[in-house]
Every structure is written in structure tokens, then in C-alpha cells.
1. Across region B:1-30, which residue is nearest to the other protein chains (Cβ to nearest Cβ) among those that are open to solvent by 70 Å² or more (accessible area, probe 1.4 Å), outside any helix (DSSP H, G or I) and more than 13 Å from B:SER149 (Cβ to Cβ)?
2. Only one residue in B:ARG178, B:ARG191, B:ARG168, B:ARG195 is farther than 23 Å from B:TRP337 by Cβ, open to solvent by less than 50 Å² (accessible area, probe 1.4 Å) and of a type in the set (D, E, K, R). Which one?
3. Among the candidates B:ARG388, B:ARG377, which residue alone is at the interface with another protein chain (Cβ under 7 Å from one of its Cβ atoms), in contact (Cβ under 8 Å) with a residue 24 or more places away in the chain and within 30 Å of the chain's Cα centre (by Cα)?
4. Could you tell me whether any residue of region B:296-303 is closer than 30 Å to B:THR29 by Cβ and buried (at least 22 other Cβ atoms within 10 Å of the Cβ)?
5. Among the helices (runs of 4 or more DSSP H) lying completely within region B:359-428, list those that include at least 3 residues that are under 23 Å from B:ALA464 (Cα atoms).
6. Just one of B:VAL326, B:VAL338, B:VAL346 is among the β-branched types (Val, Ile, Thr), under 14 Å from the mean Cα position of the chain (by Cα) and assigned to a loop (DSSP other than H, G, I, E, B); which is it?
7. Being outside any loop (DSSP other than H, G, I, E, B), more than 14 Å from chain B (Cβ to nearest Cβ) and open to solvent by less than 30 Å² (accessible area, probe 1.4 Å) is the filter; apply it to region A:141-163 and report the residue that is nearest to B:ALA363 (Cα to Cα).
8. Let me confirm something: among A:LEU94, A:LEU21, A:LEU74, A:LEU34, which residue is free of Cβ contacts under 8 Å to residues at least 24 places away in the same chain and either facing chain B (nearest Cβ under 8 Å) or part of a helix (DSSP H, G or I) (or both)?
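The values are calculated or read from the model by the stated rules, or taken from the named source; none is laboratory data. None of the values given here were measured: they were computed from a predicted structure. Ideal geometry is used to build each Cβ from the backbone, glycine not excepted, and the neighbour counts take in all protein chains shown. Side chains are part of the model used for accessible areas, which takes the heavy atoms of the whole protein and leaves out ligands, DNA and RNA. Shrake-Rupley method; radii C 1.70, N 1.55, O 1.52, S 1.80 Å.
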Amino acid sequence: MTTSPKKSNKKVTAGLFVTCLIDAMRPSAGMAALRLLEAAGCEVIVPENQTCCGQPAWNSGDIKAARVAATPFLDAFDACDYVVVPSGSCAGMLAHHLVDLFEGSGDLHARRQAAAIAGKTYELTSFLVDVMGMKTPPGKTTARIAYHDSCSSLREMKVISQPRALLNAAGADVVDLDKADTCCGFGGTFSVKYGDISGTMADDKATDIEAKDPDMLVAGDMGCLMNIAGRLLRRGSAIEVRHVAEVLDGAMEASPIGGLRDSASQNPGN
Amino acid sequence: METQSRHFKENVAAAILDDDLKGAMSKLTSALRPKRASAVAGLPEFDQLRDHGIAIRMHTLDHIDTYLAQFEDNVIANGGHVHWCADEDSARQTILDLCRQHDVRTVTKGKSMVTEELGLNTFLDSHGILPLETDLGEYIIQLRGEHPSHIIAPATHLQREQIAETFRQSHTHLDADRPMDTAESLTEEARQELREKYGAADAGITGANFMIAETGSTIIVTNEGNGDLTQTLARVHIVVASLEKIIPTMEDAGVLLRLLARSATGQDMSVYTTLSSGPRRPGDPDGPEAFHVVLVDNGRSGMIGGSEREMLRCIRCSACLNHCPVYAAIGGHAYGWVYSGPMGKVLTPSLTGLDQAPDLPNASSFCGKCEEVCPMRIPLPKLMRNLRTKQTEMKMTSMRQRVILALWSQLASRPALYRLVTGTVTRILARIAGKRGAFRWLPMTGGWTKMRDLPAPEGGGFFARYNASRKGDH
């Protein structure tokens, strides 16, 4: 994770993989990620041909469906030096599972493309810090922030210090959760198929978060964020839930995830 | 033991509402997680030890036929006997025949998960042979007519008050008003009850943590010493062990034992490590007159060449259970068979059939904590995903899931259409949600909204906004 930016006048081209959850649920976080990459000095490409990395089908054991879904993705990022993902889980899929998905497909070209993507994929905060050397993000905040590590960020992408360093540099008071390395219970389709278990895990996480009395719960994965926000809302908590990109970018024009919306915060994309 | 794993969802629904279970699980995880962490931190070479242990186990699996044959030769040379059993029926019958051959009426038992697989206690009981569990946890659940909920802490689902109540109901010869408000008082009572039974038993049945090919020895580790008493005081010692417990040498045992206790309870070593190498020899002060090893396959040989092969290097330390947030939420009984937690999610369908445990490989968020703490680095999430893939290939998944995934993948492979559909749907949902920003309920989201609100989409999708912003730039 210590790759240096290319030593030439040419800007690093970062391909932004928006992810299907950010695309559908939280475009604000995608726009914030885009501005952060530009602020870091990248030339940002957002390939039109991207939809989903195939993870929902891959984790459901449906390899055929996963390959169909991930196929357009394979050449969407050909022109980019890096694939940058504002999600540890989708980054983990690209960096660690895409090769397995196309192994045995008989399509050598697809396998090579998958391997190329795996080799240049980064989670957003890790890319900003480890590759672009960002020290101070554009956003400023004095909020007391509990940062939640997604399991894939933590275990597959080894992202721990990077988001915390950037949040601290933005002025935030970052607090660690007692059970920081325990899953929040999202797990993709698991959260719907096994709602009792998933909801109980989310409740444990909410208890852990409330114990720290933060202003804001921040994470780098939309799945975890929707899950945690959903449980906090049901418990009547006033803690704001936001994607890390929004806080680091500082615009924060959108209402918190799942939070009340006033007319001024309605998104401009409608 | 008959599997109840098919009823996983019903079991979970009941477990989630059980406050005693919640309290007990919280105590288990808060006790064992930090203990493992500090034991691992205290041994700088822990990761090298893991690599070494994995190499031993994989090498043994590659040559398991040779090592098992060597083990048998050495057991016979030591004066013992080995009985090969393909399935649970033959294992049960073999053990019963041995009991009859040696005129056994009562047996004491050390904790053994394989005998749980066999449903041995019920079977022996029904044939007039009285089995008595001697591990404290096993003793408690035997009194309650329950099965173990954890592979090394069988009664971990119970709170102290529940155990006191069980003892009051079972030990009716004792003073009904005796104080039983500490763990020590309960342990002491069980100890007094069990103590006199060891010498009176005709046979002792134990499991084996490892079987050593080069010496023909079996090893068990305990923290209570009940294993020693079980196997040395009775006339006959019967070891029941599954095939994959075999390892080549005593030195290998040293590596694996160092990993086992640290991963399980955070101890450097378990309190008792007991080796059995055949019956009493002339001049030995104690030991059994006869020594038998019942080698149980019961599905293992079918796994050796299959995609769940790596599961066979499990050393039954329980680290994956102790660190699993799903296990902590539902306890061990919900899994419906002998093995629970992440290892049970792979082992149960592998041994009993995927059709018997269709939910187990699916009920995981794939958080990966199990693989992280496994001393054998078994890729449990990968193995669960393999089983999910098998379910898809065998059309064992629901028609609804297959149709949804097929439609979704076709849509995802057409970016323009995909954006039209998701953009429209999210815009509608955003409008319905209005100012509230989240749903308490939506059709088909019951699994989510029972305990959580569902945050509403902002509406319109990223690309609409991105394209609008780019037009604004020019």
C-alpha cells in the first residue's frame, strides 16, 4: 500500500467506482468522493459503463449471475491508473474476489482484466493517504465522531489508520468504539434473509456507539451505514450518520443518512 | 444425534428472545476474547506456530491412510485394539459390543463431540448401559437432558442460577436450603457427586484431541482432570475419535497443543494434558485392563478430496465460536447439531448433507473474524461461499432468489437501462419517504424493517447528478 504517484507531469488518473449502493442511495457521497480525488490532485474518470461489481450474486453463490453483472465492469477502467472505491466491501470484491469469480470461466481475457483491476484497486481513504499522500482534507469539522470500520475495509483492505488520520486532520474528535472490530450485522443479503440475527448485531453495535456519545457516526461503507442508521433511528437516537467522504469533503449538503430532510437539503439532482 | 439444523430459522427466532441466553453469551465472549488476545500477544512466534501447525495438518491429510495404519500398528503393539467404523451405526454398535464383551454396566465419559455425533448416551442407555458425563458442563446438560451448545464449554448457554436450579432438582439427597450462590459452590457439589462414580464405573469413554501415529498414543486435554480419572480408574478405556485427529509425531502434538489452548481459553497449556498408550503393563501401578480405539469416519473421508477439505485441519479450539457475532447473538443450540458457530456452518452440512442444514452456510455476514482468529487459518467464509455455490448449482436455493439474481444481473450488465430503472425507482422512493428520510416499513423488506428503519434514497442516482454537474462546468 505504499505505491507512489507517478513521477511525471501527467496527473494520476483515478477511476471512481461509485458502487451501486452509493449510486442508488447516496449520490452525495459519490460526489464528495469525486471532489476529494480532485482535491488530491487526480484526474478523475467516472466510467459510464460501471454498475455493480457482482458481489451480491458472488456472495449468494450464484457465479453465473455474478459474472454477467460484473462483465461490463471489466473494461470500464482500462484507461485508469487506479480504481478508487468509496467502499471497503466493493474494493475487497475487486481486489480479492474478482479473479476467483472469473477463474474457471474459460475466458482468459476476462481473467487477465480481473487480475489487472485487482492490482490497482484502493479503498478511498487509503488511496488518498497511501497513494496521493493527502495530509489535510478540504473539509473542516469539530464534531465528536465515532468511526466504524467495515469488516472488509479492516480485514481485506487493511484500512484502519487512514480514515482516522484524515478525520483528525479535519479537526474532528475521533473516538474508538469498544468493539471496533465487531461486525455491525449488515452482510448484504444476510441483512434481509436473516433479519433477526442481523438486527440483533446492529443493536449491539448501536449500544456500543451510543456508549461513546458521539455527534456523528461515520464509516466508509454504505451498507454498514444504512444498517447502523436504520437501527439508531429505530432506537430514537439523534446521532447523525454520514459517509466518510462527505465529512472529509466538507460540503455536507445532504441530510444525514435516514435523517429528517428539510426542503433546503433536498438534493439538486432531482 | 438427529440434526435439527433444518429448523435453523425457528431456532433463531426463539434464541433471540431468550434473555438468559443473551446474558450467558455476553459473559462467554467478554471472558474469552480478551484472554485469547493477550495469549497471542504474549507469544511473538504465534503466527509462525500457526504456519507450522497448518503444514502438519495438511501433510497429514495428504498421507492420512499411511499414518492411520501406522497408528493402528502401534496401538496393537502397545496391547490395544483399533476398530474402524464407517458411520455412526457401526460406531455405536462397536462400542456396545465392546461394553458387552467386557461386561460393562456403567461408563463414565470424558467430553467427546464425536460421541455426541453418535448420540451415544441415548443409545447406551436404551441398551441398559448407564453413561455418566464427567466434564462439569457435560454433567450439567446431561442432568437437564440437553445437548452441548459449545464444543469446549458445553453448558455455556446457561446462567449460574439455572445451574443451581438444576442441581437442586437433581441432587435431592442434599439439604434443600444449601447455599449455591457462587460458581465455587456449584463446582464443589458436582465434584463430590462425581468423585465416587469414577471408581465404580466399569468403563471410561473419552474422545481424543489428537492421535499420534508414531507412538500409538491418544491425547486429551482438560481443565478439570476428569479425563484422567475417567480413563485410569475404570477397567476398560474406550477412545472414540474421528479419523482427522491423527498426527504423525509427538513433536507435532507439541506444536498443535500450544496453538490449541491459547486459541481456546488463552491458556499457555490446558491444566491437564493426558496421554494414553495402551492398557496397563505388568508393574504399572494403575491404568485400564483393556484399551480400545474406535476410529470413526462418519463423513470425513468424503471431505478429504472435496472443496471443504481445509475444514479437516480444525483442531476444535472454539476460537471461531467465541469471536463470532452471529454465535453471540443466537447461541449454539440454534445451529441444531453437535457443531456450532462458523466451524459448524461448514462441518454440519459437510457431514450430514446440505439438504439437512441449508441455512447454515448462508447465515453469515462474512465478517471474516472467524478466519482471522482460527489457529489453522481455515478460510471459513470461503468454504461457506463454496457451499452456497453448491446450493445454487443443485438448485437448492429458492426460485425467488434465483429469479431476482438473474434479472438483477441482466440489468446490471446494461448500464444505460440500469440507470433508467434505478433512477426512476429511487426517485419514487425518495418522494414517498418525503421529509422523514427513512421507512419504517416497505413491501418485501420485512427482514430488514422488523428491527431497523430503512434509510430512503436521496433520489435520482449518482450519474444524473454527475452529468448535471459536468454540464454546469462548461
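1. B:LEU17
2. Numbers: B:ARG191 fails: open to solvent by less than 50 Å² (accessible area, probe 1.4 Å); B:ARG168 fails: open to solvent by less than 50 Å² (accessible area, probe 1.4 Å); B:ARG195 fails: open to solvent by less than 50 Å² (accessible area, probe 1.4 Å).
One residue alone meets the criteria, B:ARG178.
3. Result of the check over B:ARG388, B:ARG377: B:ARG388.
4. No, there is no match, as no residue in region B:296-303 is closer than 30 Å to B:THR29 by Cβ and buried (at least 22 other Cβ atoms within 10 Å of the Cβ).
5. Working: elements: B:369-373, B:380-393, B:399-412.
Passing ranges, in order: B:399-412.
6. On the way: B:VAL326 fails: assigned to a loop (DSSP other than H, G, I, E, B); B:VAL346 fails: assigned to a loop (DSSP other than H, G, I, E, B).
Of B:VAL326, B:VAL338, B:VAL346, the one residue that is among the β-branched types (Val, Ile, Thr), under 14 Å from the mean Cα position of the chain (by Cα) and assigned to a loop (DSSP other than H, G, I, E, B) is B:VAL338.
7. So in region A:141-163, the residues outside any loop (DSSP other than H, G, I, E, B) come out as A:144-148, A:151-156, A:161-163.
Pick out the ones that are also more than 14 Å from chain B (Cβ to nearest Cβ) and you get A:144-147, A:161-163.
Among the residues that remain, those that are also open to solvent by less than 30 Å² (accessible area, probe 1.4 Å) are: A:145-147, A:162-163.
Details: A:ILE145: 31, A:ALA146: 28, A:TYR147: 26, A:GLN162: 31, A:PRO163: 30 Å.
It comes out as A:TYR147.
8. Working: A:LEU94 fails: free of Cβ contacts under 8 Å to residues at least 24 places away in the same chain; A:LEU21 fails: free of Cβ contacts under 8 Å to residues at least 24 places away in the same chain; A:LEU74 fails: free of Cβ contacts under 8 Å to residues at least 24 places away in the same chain.
On inspection, the qualifying residue turns out to be A:LEU34.
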